[in-house]
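Notes to accompany the following structure.
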Amino acid sequence: MKSYPYTEKKDTRSGFGAGLVEVARQNPNVVALCADLTGSLKMDAFKKEFPERFFQVGIAEANMMGLAAGMTIGGKIPYTGTFANFSTGRVYDQIRQSIAYSGKNVKVCASHAGLTLGEDGATHQILEDLGMIRMLPHFTVINTCDYNQTKAATIAIADYPHPVYLRFGRPVLPVFTPADQKFEIGKAWHVNEGTDVTIVCTGHLVWEAIKAGEMLAQQGISADILDIHTIKPLDQTAILHSARKTRCVVTAEEHQINGGLGDAVAGLLARNLPTPVEMVAVQDSFGESGTPEQLMEKYGLTARHLIEKVLAVQKRK
Amino acid sequence: MEIATLKNIASQVRRDIVRMVHGCQSGHPGGSLGCTDFFVALYGKQLKHNPKFSMDGKGEDLFFLSNGHISPVWYSTLARFGYFEAKELATFRKINSRLQGHPATEEHLEGIRIASGSLGQGLSVASGAAQAKKLNQDDHLVYVLMGDGEIQEGQVWEAAMYAAHHKIDNLVATIDVNGQQIDGATEEIMSLRDLGAKWRAFGWEVIESEGNDMEKILEGLQKAKSLAKKGKPVMNLMKTEMGFGVDFMMGSHKWHGVAPNDEQLAKALAQLPETLGDY
């Protein structure tokens, strides 16, 4: 198992904030909108450096999506910032009609996704967003795994003239991807070469998969680990190549079992290469208040749960 | 463009509307007929626009239709002002057409910059486009039309608050005040009460105008334009009659979304002189 030493821990949302400032320096058309969560989204630095390109929208997310769509007419590249819940479920129709169907170059940037939002509880812990946005034609869906990857993705999407959903979060996690990485939209990152089982993971579950891979290696099980940061378009080649090699797959995501990465991978395999699949995901329930660690444990989203699924899926080969 | 010329175009646009809706036996003739004079005044006289369409619309005025169901009047107006050939109007709402039931960009129809149909979104889009114009130092105006029933949608009021707060004064919004919506009169379904007071309270400059008289429409639009760029967004509350120009379609919500049969089509066309040649 390849080792991923790290020297610091940071939140992915701070990677977004840093990437936003950097891409704004490179590209004068980048503008940012925020619905009263500037601090939470780490957009303060952008606001300070580019006040004329920052638009405070207030608590009005539907309006924010329409404004962003309008700003693309004239060549702007708007990044909207609010929590994942208010970036998707609350404004689904606005995103569908004014952005997706209208083919507008808007970057919907969503923080505090999933259970790791923690104590605020289920009203704010959206676990359905990947599924909702994945279903929309024209949309690209990205869920990043650490600070550096989030920063790189934030920069990369500016030069990609399509609507993008960029999902990141609140918890402080190891920074284990390179600072100088080039983010390739739609291309899986091969975290580890292995032969016995494929682990397809995204977002905060990538670090759990690395921990699981290390523990599995001690048991003599070699895991092929793919970070699918881009859930749509899915890197079909990488997943099929790995599944052909290992003949069993475990998916892992901080999302409902319905509609997310697991469904995307299972659909791909069913159509092309029927393969046993197990899924680490929330089992069709809402979350609740608690610390991120407690919630990930209770809802089955840790390295230990991944290992259980690996052992189960191997028996189904 | 002379008033008489605009009136001639309006007559042809009304013929186009009833023929398009009849041709596919669906669509929304009532609001389309009521707003015909406004569209012709807008494209014939008010807008600085380029029928050689570009999505970004830099260096020209922009128009957005928020109540997308009155697409027939917009499609006919765009065709009659040279955006695409009038014969394409015959494809309205039919399979493989660029003239979708509600306006869309997916088929690249010249003149359309955003999809609309699900109501309440156009004022937000227009506000964003107006702010992009300011960032681009483009001093042209952004116009948007909404229905009066449409403003029952909450997003409209989010945008109303935003546009005033951010002093988007290169924005001229018009509400088609025809007092009708699908289920009946707006006052019965969901009372709009004092619209002028509402928009003024939100921080807008408000004017009222008549929407079925070419001279008065132009007066209203000119007045709205003269109030622009003075620190506030401008609201033009324009009174119209749904179905205007076809006697049996006027004064009722019943022709909001119903197509005429052959006999009704003939009766309607008899009231509308063919001025530019039917498509």
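Which one, B:H22, B:W74, B:T36, projects farthest toward the positive side of the charge dipole computed for the range B:1-98 from Cβ point charges (K/R +1, D/E -1)?
B:H22
Quick one: helix A:236-246 against the long Cα principal axis of chain A, what's the angle to the nearest 10°, folded into 0 to 90?
It works out to around 20 degrees.
What size of dipole, in debye to the nearest 20, comes out for the range A:198-317 about its Cα centre when the only charges are +1 on Lys and Arg C-beta atoms and -1 on Asp and Glu C-beta atoms? Please report the intermediate quantities before stating the final value.
On the way: 12 positive and 14 negative charges, 137 e Å.
The dipole magnitude comes to about 660 debye.
Each label point is 7 Å from the Cα along the Cα-to-Cβ direction; what then is the distance between the points at A:D93 and A:T195, in nm?
Once both label points are built, they end up 5.7 nm from each other.
Enumerate the amide H contacts of A:T251 below 5 Å, restricted to partners 5 or more residues apart or on another chain; note that Pro and chain-start residues carry no placed amide H.
A:V200, A:E278, A:M279, A:V280
Filter the trypsin sites (Lys or Arg not before Pro) in the range B:172-279 to those in DSSP coil with at most 16 other Cβ atoms within 10 Å of their Cβ, and list the result.
Those satisfying the criteria are B:R193, B:K229, B:K230, B:K254.
Could you compute the FRET efficiency for A:S3 and A:V172, with r as their C-beta to C-beta distance and R0 at 25 Å, rounded to 0.05? List each step's numbers first, then the result.
Numbers: r = 21 Å, r/R0 = 0.84.
Efficiency, from the Cβ-Cβ distance: 0.75.
Residues of A:48-59, mean number of Cβ from any other protein chain within 10 Å of their own Cβ, rounded to a whole number? Before the final figure, lay out each step's value.
Values: counts 0, 0, 0, 0, 2, 1, 0, 5, 3, 7, 4, 1.
For this peptide, the per-residue mean of nearby foreign Cβ atoms is 2.
For A:N29, what is the net charge nearby, where nearby means another residue's Cβ is under 10 Å from its Cβ and Lys, Arg count +1, Asp, Glu -1? Walk me through the intermediate numbers first.
Numbers: positive: A:R53, A:K76; negative: none.
With Lys, Arg at +1 and Asp, Glu at -1, the neighbours total +2.
Roughly what % antiparallel, to the nearest 5, for the DSSP beta bridges in the protein assembly as shown? Please list the in-between numbers first.
Details: 10 of 67 bridges.
Counting only bridges with both partners in the protein assembly as shown, antiparallel ones make up about 15 percent.
List the aspartates and glutamates whose Cα lies under 13 Å from the Cα of B:K58, skipping any in the same chain that are fewer than 8 positions away.
Here the aspartates and glutamates satisfying the reach criterion relative to B:K58 are B:D138, B:D139.
Note down the magnitude of the dipole of the range A:32-88 about its Cα centre, charges +1 on Lys and Arg C-beta and -1 on Asp and Glu C-beta and zero elsewhere, to the nearest 20 debye.
Numbers: 5 positive and 5 negative charges, 25 e Å.
So the magnitude is around 120 debye.
If contacts are Cα pairs under 8 angstrom and at least 6 residues apart, what is the relative contact order of the range A:9-174 in percent?
Details: 350 pairs, mean separation 51.8, N = 166.
Answer for the range A:9-174 is 31 percent.
Report, in listed order, any pair from A:K48/B:K48; A:K48/A:K151; A:K42/A:K182; B:K232/B:K254; A:K182/B:K52; B:K45/B:K167 with a Cα-Cα distance greater than 30 Å.
Working: A:K48/B:K48 36 Å; A:K48/A:K151 18 Å; A:K42/A:K182 22 Å; B:K232/B:K254 37 Å; A:K182/B:K52 39 Å; B:K45/B:K167 26 Å.
Pairs exceeding the cut-off: A:K48/B:K48; B:K232/B:K254; A:K182/B:K52.
Evaluate the distance, in nm, between pseudo-label points positioned 7 Å from the Cα of A:E184 and of A:M135 along their respective Cα→Cβ axes.
Reported label-point gap for A:E184 and A:M135 is 3.2 nm.
For B:K230 and B:E85 in the same chain, what is the full-extension length gain: residue separation times 0.36 nm, less their Cα-Cα distance, in nm?
Details: separation 145, 0.36 × 145 = 52.20 nm, distance 3.87 nm.
Additional length available on full extension: 48.3 nm.
So if I place +1 on the C-beta of Lys and Arg and -1 on the C-beta of Asp and Glu, and nothing else carries charge, what would the dipole magnitude of the range B:121-231 be about its Cα centre? I want it in debye, nearest 20. Present the calculation step by step, with values, prior to reporting the outcome.
Details: 11 positive and 18 negative charges, 145 e Å.
Dipole about the Cα centre, nearest 20: 700 debye.
Would you list the membrane-span-like helices of chain B, meaning whole DSSP H runs whose alpha-carbon atoms span at least 15 Å along their axis and whose mean Kyte-Doolittle value is at least 0.0?
Details: long enough: B:3-24 (32 Å, 0.22); B:122-135 (20 Å, 0.38); B:154-165 (17 Å, 0.04); B:214-227 (20 Å, -0.27).
TM-like helix candidates: B:3-24, B:122-135, B:154-165.
What's the FRET efficiency of B:L195 with B:E107 using the Cβ-Cβ distance as r and R₀ = 56 Å, to the nearest 0.05?
Efficiency at R0 = 56 Å is approximately 0.95.
When N is the residue count of the range A:9-174, what does its C-alpha Rg come to as a fraction of 2.2 N^0.38 Å?
Details: Rg = 14.1 Å, N = 166, 2.2 N^0.38 = 15.3 Å.
Working it through for the range A:9-174, the quotient is 0.92.
Under the definition of partner shielding as Cβ atoms of other protein chains within 10 Å of a residue Cβ, what is the mean value for peptide A:90-101?
Values: counts 0, 1, 0, 5, 6, 0, 2, 11, 9, 2, 1, 9.
Mean inter-chain Cβ contacts per residue within 10 Å come to 4.
Where in the range A:75-184 are there GluC sites (Glu not before Pro) that are in a DSSP coil and have at most 13 other Cβ atoms within 10 angstrom of their Cβ? Show your work: numbers first, answer last.
On the way: sites: A:E119, A:E128, A:E184; in loops: A:E119, A:E128, A:E184.
Qualifying residues, ordered by number: A:E119.
Please work out the FRET efficiency for the pair B:E2 and B:A185, using the Cβ-Cβ distance as r and a Förster radius of 56 Å; give the result to the nearest 0.05. Don't skip to the end; give the middle numbers.
Details: r = 36 Å, r/R0 = 0.65.
The calculated FRET efficiency here is 0.95.
If neighbour count is taken as other Cβ atoms inside 10 Å, put B:H22, A:H255 in order from fewest to most. Write down the numbers at each step before the final one.
On the way: B:H22 20, A:H255 31.
Ordered by Cβ neighbours within 10 Å, fewest first: B:H22, A:H255.
Just to confirm the number: angle between the C-alpha axis of helix A:61-72 and the first principal axis of chain A, 0 to 90 degrees, nearest 10?
Between helix and principal axis, roughly 80 degrees.
If I fit a long axis through the Cα atoms of helix A:303-314 and take the longest principal axis of the Cα atoms of chain A, what angle between them do I get, 0 to 90°, rounded to 10?
50
In nm, to one decimal, how far is the B:S252 label point from the A:S289 one, both placed 7 Å along Cα→Cβ?
5.8
Roughly speaking, what is the centre-to-centre gap between the range B:182-241 and the range A:186-241 when only Cα atoms are used, to the nearest Å?
59
Gap in Å between the Cα centre of the range B:46-116 and the Cα centre of the range A:92-123?
For the range A:92-123 versus the range B:46-116, the Cα centre distance is 29 Å.
Within 13 Å, Cβ to Cβ, of B:N170, how many net charges do the neighbouring residues add up to if Lys/Arg are +1 and Asp/Glu are -1?
Values: positive: B:K48, B:K133, B:K134, B:K167, B:K225, B:K229, B:K230, B:K232; negative: B:E60, B:D61, B:D138, B:D139, B:D169, B:E205.
Here the count lands on +2.
Under a 5 Å amide H to amide H cut-off, with H placed in plane at 1.01 Å, what residues pair with A:F55 once short-range neighbours are removed?
Sorted by chain and number, the residues that satisfy this are A:A32, A:L33, A:C34.
Would you work out which of B:A129, B:F64, A:T154 lies farthest towards the positive end of the dipole of the protein assembly as shown? Charges go on Cβ: Lys and Arg +1, Asp and Glu -1.
Toward the positive end, the furthest listed residue is A:T154.
Throughout, read-outs are computed from the coordinates displayed, never taken from laboratory work. Given the structure is predicted, the values throughout are model-derived calculations rather than measurements. A quick note on method: Cβ atoms are made from the backbone with ideal geometry, for glycine too, and the neighbour counts reach across all protein chains shown.
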